[in-house]
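To start, the structure under review is shown below, and the notes come after it.
The values are calculated or read from the model by the stated rules, or taken from the named source; none is laboratory data. All values reported here derive from a predicted model rather than from experimental measurement. Neighbour counts are summed over all protein chains in view; Cβ atoms, including those assigned to glycine, are modelled from backbone coordinates with ideal geometry. Note: accessible area is taken over every heavy atom of the protein model, side chains too, but ligands, DNA and RNA are not part of it. Shrake-Rupley method; radii C 1.70, N 1.55, O 1.52, S 1.80 Å.
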Amino acid sequence: MIYTKELIKIEKNIEVLIESLNDEFTKKETKRLISSGGKRLRPLFLILAAKAGTINKKCYEAAASLELLHTSSLIHDDIIDHGVMRRGKETTVSVYGRERAVSTGGILSFFAMDNIISLGNEKVSAAMIDTLETLCLGELKQLDERYNFEINYYDYITKISKKTASLFALSCTMGGILSGAAENTIEKLHNIGFNIGCSFQILDDILDISGSEKETGKVCGQDIRGGIFTLPYLLLMEKDPCFKKRILSTTYKSRSSEFDELTDEVRKNFILEEAYGVSNLFLDKASNLLSTLECPEVQKSFTYIINKLYRKI
């Protein structure tokens, strides 16, 4: 891995930040969740984007806060989705119950936001608040559309833009601002993060279908059973009228076996290759934007990530 130094420094900043939490239960639970792993992509994106300017102490402090903000969002996601496992460990809600999980996620999110605001950069604070509003609206929209399998491609992309890509875009934006990069560079960094974020979510949706529980750290096929409609199902619906009829007939009352059969059908029909193709299109957009940046170090760093995510089909 070519980011060892950056990740070590990010990890140290996360540890220091967690230790400054006043609530002992939240501190203990955050340590448990952070120790379960995770790629630290969002804080890493911030640091890599900051190479467009001058990386400073505030960049690493913001990166650590961003990871805790992401962790708090996962706690709340698991409450809403009734998630039992994440990264191979039991979720906060499954161990301690809904009330404790809500308060833990809330304390952690406010703590992370307060740390970002305390950096004293109005542009960073405004970008964070706008993104959090987008995330919350995306979550509400997903709740409203549960078991609504009549959504189209545009609806799906809008959903992942709000729920996943927006936080990746924020990471790059914050890195650009805090390092003093030029305005047009910050805008490009934002869009690079956005496009990679869309690809990342599509790949995650594919993994929910094709991966094993050991590989993903959670129960596979969980999305469709929870009424969350993802790209592979949508692509097969467009091709197969019989599959479309079956999926539109399912509701929250349907048996788990019915959802498992739909997932098996997606696996058998080579539709995942098409989904990988859509993911690659977003990576192509990110690559094209990267080529316009006059910063070889940023280009090299993000090209490495894009190549890791890119799938030959």
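State all residues of segment 74-90 that are open to solvent by less than 40 Å² (accessible area, probe 1.4 Å) and farther than 12 Å from I34 by Cα; if no residue qualifies, say none.
D77, D78, I79, G83
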Selection over segment 2-61 where residues are small (G, A, S), open to solvent by 50 Å² or more (accessible area, probe 1.4 Å) and in contact (Cβ under 8 Å) with a residue 24 or more places away in the chain yields a count of 0
Residues of segment 22-45 being acidic (D, E) and either at pLDDT below 95 or assigned to a loop (DSSP other than H, G, I, E, B) (or both), in sequence order, are D23
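Just to verify a result, which residue in segment 194-212, among those that are of a type in the set (S, T, N, Q) and within 18 Å of E274 (Cβ to Cβ), is least open to solvent (accessible area, probe 1.4 Å)?
S199
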Being out of contact with any His (no Cβ under 7 Å at 6 or more places or on another chain), of a type in the set (G, A, S) and open to solvent by 80 Å² or more (accessible area, probe 1.4 Å) narrows S287, S291, S279 down to just S291
Residues of segment 135-150 being buried (at least 16 other Cβ atoms within 10 Å of the Cβ) and either modelled with pLDDT of 95 or more or not in a helix (DSSP H, G or I) (or both), in sequence order, are E145, F149
Scanning segment 46-69 for residues that are over 22 Å from A286 (Cα atoms) and outside any loop (DSSP other than H, G, I, E, B) gives K57, K58, C59, Y60, E61, A62, A64, S65, E67, L68, L69
Among residues of segment 67-89 being under 12 Å from the mean Cα position of the chain (by Cα) and of a type in the set (A, V, I, L, M, F, W, C), the residue nearest to G211 (Cα to Cα) is L74
So, T251, is that one open to solvent by less than 30 Å² (accessible area, probe 1.4 Å), polar (S, T, N, Q) and in contact with a Gly (Cβ under 9 Å, 6 or more places away or on another chain) or not? no
Filtering segment 115-134 down to residues that are among the β-branched types (V, I, T) and either over 21 Å from G193 (Cα atoms) or open to solvent by 60 Å² or more (accessible area, probe 1.4 Å) (or both) yields I117, I129
When restricted to N191, N184, the only residue closer than 30 Å to G120 by Cβ, part of a helix (DSSP H, G or I), open to solvent by 20 Å² or more (accessible area, probe 1.4 Å) and in contact (Cβ under 8 Å) with a residue 60 or more places away in the chain is N191
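Which residues, counting only those in segment 90-122, are within 18 Å of the chain's Cα centre (by Cα) and farther than 25 Å from A62 by Cβ?
Within segment 90-122, T91 is the sole residue that qualifies.
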